[in-house]
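The values are calculated or read from the model by the stated rules, or taken from the named source; none is laboratory data. Model, not experiment: these values are computed from the prediction. Glycine also receives a Cβ, built like all others from the backbone with ideal geometry; neighbour counts cover every protein chain displayed. SASA here: full protein model, heavy atoms, side chains in, ligands and nucleic acids out. Shrake-Rupley method; radii C 1.70, N 1.55, O 1.52, S 1.80 Å.
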Amino acid sequence: EIEFVAYYQPKVNIKTKKIIGMEALVRWETDGEVIRPDRFVGILEDSVSIIELDRSMLRQVCRDIKRWESMGIDVPRVSVNLSRRNLTTENIADEIAAVLDEYHVDHSKVEIEVTETVDNAEFNFLADFIGRMKQLGIKVSIDDFGTGYSSLNLLKSLNADVLKIDRSYL
């Protein structure tokens, strides 16, 4: 049986040493082995399966947030990865909001993390997506900045909430 599960990595404020958020990292658990995403995400990216995985992970995160809240835990914002392949899906931002609403998760509790785009066409989809997410009250972060179509001038157009700079850029 194949199962994709969320592993939560804390985001810690280094000054206060308090957890200020979490990132949901997908892992594949099969036959007692935990397989890291670098061994399977690339394969899924080449098909529409990555879109299904992204939606499944978002639902899992929403279920976990509601479970933790029902236990009285003050849940910090959780970031969830979204493949660039989703950006061309019409109304993807509204679909994400609908999942959060289905699970009664406050929009401020989730941050959607998108890897930097590699070309101008994708950049336009990303800019539109970020604009719509802001309207819906959902934070967006750009991961791996510096590996794709990066330009500090382009960042002004994106208006993302968080920028995660790739170590190779530095």
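Spin-label model, Ser70 to Lys134: label points 7 Å out along the Cα-to-beta-carbon direction sit 3.6 nm apart.
Compute the relative contact order of the stretch 1-94 as a whole-number percentage, counting only Cα pairs closer than 8 Å that sit 6 or more residues apart in sequence.
Here the relative contact order equals 29 percent.
Rounded to the nearest 10 square angstrom, Val140 shows an accessible area of 0 square angstrom against a 1.4 Å probe. For the stretch 1-106, the carbon plus sulfur part of the accessible surface works out to 52%, probe radius 1.4 Å.
Let me know the shape class of the stretch 22-125, please: from the alpha-carbon gyration tensor, a ≥ b ≥ c as square roots of the eigenvalues, rounded when a/c is under 1.5, otherwise prolate if a/b is greater than b/c, or oblate. Oblate, because a/c is 1.5 or more while a/b does not exceed b/c.
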